[in-house]
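Peer 1: Quick one: structure below, then a few questions.
The values are calculated or read from the model by the stated rules, or taken from the named source; none is laboratory data. Note that the coordinates shown come from a computational prediction; the quantities given were computed from them, not determined experimentally. Counting neighbours? That spans all protein chains shown, and the Cβs are built from the backbone with ideal geometry, glycine included. Quick note on the areas: whole protein, heavy atoms, side chains included, nothing else; ligands and nucleic acids left out. Shrake-Rupley method; radii C 1.70, N 1.55, O 1.52, S 1.80 Å.
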Amino acid sequence: QVQLRESGGGSVQAGGSLRLSCASSGSPYCMGWFRQAPGKEREGVATIYGVGRTTYTNSVKGRFTISRDNTKNTLYLQLNSLQPDDTAMYYCAANLHFDCSLGSDNFGIWGQGTQVTVSS
């Protein structure tokens, strides 16, 4: 059973940066970051395949970078040029299947989340 734990969230002003980390008890083939703001549906932010391929939702392209260090069983999300609309609870998730797309419903293992708040 894979267990995930996020960290690195915080409160920053618009234009600032944060780096989120997700410690995993294993190294699933597919991992991703999702976020959910109050009253809104959860959305996929970025995913990364075991081979290194990455996908991003359009709203964060050029600003966020997902990466992983398999030797440390850690997933990262670098958030740059943060905007107030990025405010949300960010979740790390693992996918034990081969479909690693943002829209995949195979992300069944989740961390507890870390809050990102961006003020204007």
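Peer 1: Taking square-rooted eigenvalues a ≥ b ≥ c of the alpha carbon gyration tensor, is the range 1-58 rounded, prolate or oblate, where a/c under 1.5 means rounded and, failing that, a/b exceeding b/c means prolate? Walk me through the numbers before you get to the answer.
Peer 2: Values: a/c = 1.64, a/b = 1.46, b/c = 1.13.
The shape class here is prolate.
Peer 1: Residue 2 versus residue 120, label points 7 Å from Cα toward the beta carbon: distance in nm?
Peer 2: A separation of 3.8 nm, rounded to one decimal place.
Peer 1: So, for the range 34-104, what is the accessible surface per residue at a probe of 1.4 Å, expressed in square angstrom?
Peer 2: Working: 3720 Å² over 71 residues.
That works out to 52 Å² per residue.
Peer 1: A further question follows. For residue 109, which sequence-distant residues (separation of 5 or more, or a different chain) have an amide H within less than 5 Å of its own amide H, given hydrogens modelled in the peptide plane?
Peer 2: Under 5 Å from the amide H of residue 109 lie the amide H atoms of 94, each far enough along the sequence or on another chain.
Peer 1: Right, another one. What relative contact order, as a whole-number percentage, does the chain give when Cα pairs under 8 Å and 6 or more residues apart are counted? Present the calculation step by step, with values, prior to reporting the outcome.
Peer 2: Values: 300 pairs, mean separation 43.8, N = 120.
It rounds to 36 percent for the chain.
Peer 1: Which of the trypsin sites (Lys or Arg not before Pro) found in the range 1-58 are in a DSSP loop and have at most 10 neighbouring Cβ atoms, other than their own, within 10 Å? Write down the numbers at each step before the final one.
Peer 2: Working: sites: 5, 19, 35, 40, 42, 53; in loops: 40, 42, 53.
Passing sites in the range 1-58 are 40, 53.
Peer 1: A further question on this structure: Along the Cα→Cβ direction, 7 angstrom out, place labels at residue 53 and residue 102. What is the inter-label distance in nm?
Peer 2: In this crude label model, residue 53 to residue 102 measures out at 1.6 nm.
Peer 1: Shifting gears a bit: In the chain, carbon and sulfur make up what percent of the accessible area (probe 1.4 Å)?
Peer 2: Values: 2750 of 6170 Å².
Summing carbon and sulfur atoms, their accessible area is 45 percent of the total for the chain.
Peer 1: While we're looking at this one, here's another question. Please find the FRET efficiency linking residue 11 to residue 81, where r is the Cβ-Cβ separation and R0 is fixed at 22 Å, and quote it to the nearest 0.05.
Peer 2: Values: r = 16 Å, r/R0 = 0.73.
That gives a FRET efficiency of 0.85.
Peer 1: Within the range 60-89, which residues have the backbone N less than 11 Å from the label spot 7 Å out from residue 36 along Cα→beta-carbon, could you tell me?
Peer 2: Under 11 Å, as judged by backbone N against the label point of residue 36, lie 89 of the range 60-89.
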